[in-house]
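To start, the structure itself, in structure tokens.
The values are calculated or read from the model by the stated rules, or taken from the named source; none is laboratory data. Bear in mind the structure is a predicted one, so any value in this text is a computation, not a measurement. Here Cβ is always computed from backbone atoms with ideal geometry, including for glycine, and neighbour counts include all displayed protein chains.
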Amino acid sequence: MNPLASLSHLAAEAPRRALLLLGLMVAVLAVAPVMLDRYLLSVFFLIFWFATVGQAWNIMMGFCGQLSLGHALYVGLGGYIGALLWVKFGISPAIALLPAVLVAAAFGAAIGWLGFRFGIEGVYFALLTIAFAEVTRIGFDNWSFVGGAAGFFIPVSQVASPINLRGGPVLFYYVALAMMVVAFVVCALLRRSKLGHAWLAVREDAEAARALGIDVFRAKMAAVIVSSAMTAVAGVVYAFYQNNLFPSQTFDIARSIEMILAPIIGGLGTLFGPILGAFILTPLGQMLIALVEKIAGRAIPGVNLVFYGAALMVIIWYAPNGVWPWLKKKLGIPEGRE
Amino acid sequence: MSVLLDVRGVTKRFRGLTAVDNVSLTVEEGEIFAVIGPNGAGKTTLFNMIAGVMKPDTGSITFAGERADGIAPHELCRRGLARTFQIVRPFPELTVLENATIGAMMRAPDMEAARAHAGEVLRQLDLWERRDAKAKSLTLPDRKRLECARALATGPRLLLLDEVMAGLRPTEVDRIVAILREINRSGVTILLIEHVMRATMALAGRIHVLHHGATIAEGTPEEVTRHPKVLESYLGAEAL
């Protein structure tokens, strides 16, 4: 089935009210910037961004059951490739998306191949993903062409150029919003496809999936490739938003952990979970950072991470499957539907 | 009738123990064939070799005219050999319909068709009413039938059933026997591995008896039950 037909199918299948509500929310978000100041725009950017990477990570863990704790790797690869090609060769990030996605997907495929071919599973696979991110961090730390540990910078330009991701917070607001919407639609389509169902089967019971004709290795490889490719796109955007890249931050495991909190808190394996999780966590985390800065008179790094840990504990206690499944029950949406 | 499954001189050893010792059997297209034997007779090992989970040490397995030993389970499934698990393995967090749909996916052109086919199979196995329930919420008899439904949804030529009747009450056994007969009548060959004698006798056209990994008898239910070695292994020598 071609994607367009599936898309119209998706729309036809969803309850009218839900579609209306979704459309309304996107519309509100689309006009919101007129009322938002610089600071709030940046908070929303982070919400959309974390929702996007959460969605990407959720493909691997939530759909296919493969735990990656090294997704910062793909953010970093995407970011560095986009920044390098722009600064050193003047290639637009719009074009750099392609090599960024390809390289990240190649790294994902290499990790996946090593893990899945040799039966490295669960926690050990997660360790493998951490190891790759760490090794890459060390590599970039010592690679002088990209600035090494001192970092790599994208010059701020006075002329806005949306296609080159040069512009103010409003531009990044819309880019991230578009990214989040596209990631959602892609995941919704995948979730309904044969591949999506193969992922679910592998997550639930790989042995049983195999007995039903599913090539488990291929399904897992597809998950890691799609997930890393999507993450790399978000990585390019993040690099141009920040205008700087430091290996010690970009590839840090703390970043990897931060990326996976939204889908866990929102609801693993659900379509709305990563978005809901990002809308809950990011604003609260940012508020806390601002609050601590006011009270202590200076920023205390990592204070939002402590908060995330506490939030995670509360959620696991009250809604172990995440906020979205809990909310769904409260709203009376039947199980097995989004 | 033509031979669908041909197991020839298959042996499997685990360290010192010979779990399956030079077993040969052939399953004809369209029949219901049963492998029985007491606990530890090697039934499950034999089953696992046919299903592609293990490779025999010696001997060969041919399915539909093609060499099948050492072929991955998902590939065998594509060739038309579907199996169930003795300890049922539903996809617990997915609904009954999703479980069956995943089985139907392989041969369906798209998800729409897969879901439609899965629905038919669920009706055949009396599970249609439970289609929206999560698999983990099913009772054991329902889970056993879901296990069959999922395998059947793959559109197999040969259905391998690993003790689908174990642990069921007699009324449930009768229900599944009736369903399996119906499935067989629709053209699916069935190979049962069973422990429950009564149902096997009622269902199978031919029975193959294993004991300590080796064949001790093969024939119609009447022939097998009268075979002195079978009586000895099942009831003990005193019964003779």
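So that you can scan it fast, the table gives a plain yes or no per residue for (1) without any contact (Cβ under 8 Å) to a residue 40 or more places away in the chain; (2) outside any strand (DSSP E or B); (3) buried (at least 20 other Cβ atoms within 10 Å of the Cβ); (4) assigned by TED's automatic domain parsing to the domain that holds B:THR45:
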site	(1), (2), (3), (4)
B:ASP132	yes, yes, no, no
B:LYS144	no, yes, yes, no
B:MET165	yes, yes, yes, yes
B:THR171	yes, yes, no, yes
B:GLU218	no, no, no, yes
B:TYR234	no, yes, no, yes
* Asked: Consider B:ASN184 against the criteria (1) away from chain A (no Cβ under 14 Å); (2) crowded, with 21+ Cβ neighbours inside 10 Å: it satisfies all of them except one. Which criterion is unmet?
  -> (2)
* Structure fact -> Note on region A:1-59: residues within 25 Å of B:ARG115 (Cα to Cα), of a type in the set (Ser, Thr, Tyr) and either loosely packed, with under 11 Cβ neighbours inside 10 Å or more than 14 Å from chain B (Cβ to nearest Cβ) (or both) are A:SER8
* Structure fact -> Restricting attention to region B:31-41, the residues that are part of a loop (DSSP other than H, G, I, E, B) and among the aliphatic types (A, V, I, L, M) number exactly 1
* Asked: Counting only residues that are among the basic types (Lys, Arg) and closer than 17 Å to B:VAL35 by Cα, which one in region B:1-18 is surrounded by the most Cβ atoms within 10 Å (Cβ to Cβ)?
  -> B:LYS12
* If you scan region B:71-103, which residues turn out to be in a helix (DSSP H, G or I), more than 18 Å from the chain's Cα centre (by Cα) and either at the interface with another protein chain (Cβ under 7 Å from one of its Cβ atoms) or of a type outside the set (Val, Ile, Thr) (or both)? -> B:LEU97, B:GLU98, B:ASN99, B:THR101, B:ILE102
* **Among (1) in a helix (DSSP H, G or I); (2) more than 8 Å from chain A (Cβ to nearest Cβ); (3) at pLDDT 95 or above - the single one B:THR44 does not satisfy** => (3)
* Structure fact -> A:PRO247 fails exactly one of (1) within 15 Å of A:VAL75 (Cβ to Cβ); (2) out of contact with any Asp or Glu (no Cβ under 7 Å at 6 or more places or on another chain); (3) touching a residue at least 24 places away in the same chain (Cβ under 8 Å), namely (2)
* **Test for A:LEU271: is it in contact with a Lys or Arg (Cβ under 7 Å, 6 or more places away or on another chain) and either surrounded by fewer than 22 Cβ atoms within 10 Å (Cβ to Cβ) or closer than 27 Å to A:ALA188 by Cβ (or both)** => yes
* To do: Taking B:ALA151 as the residue in question, decide whether it is more than 21 Å from the chain's Cα centre (by Cα) and either at the interface with another protein chain (Cβ under 9 Å from one of its Cβ atoms) or modelled with pLDDT under 95 (or both).
  => no
* **Checking A:GLY213 against (1) within 14 Å of another protein chain (Cβ to nearest Cβ); (2) surrounded by fewer than 22 Cβ atoms within 10 Å (Cβ to Cβ), the condition it does not meet** => (2)
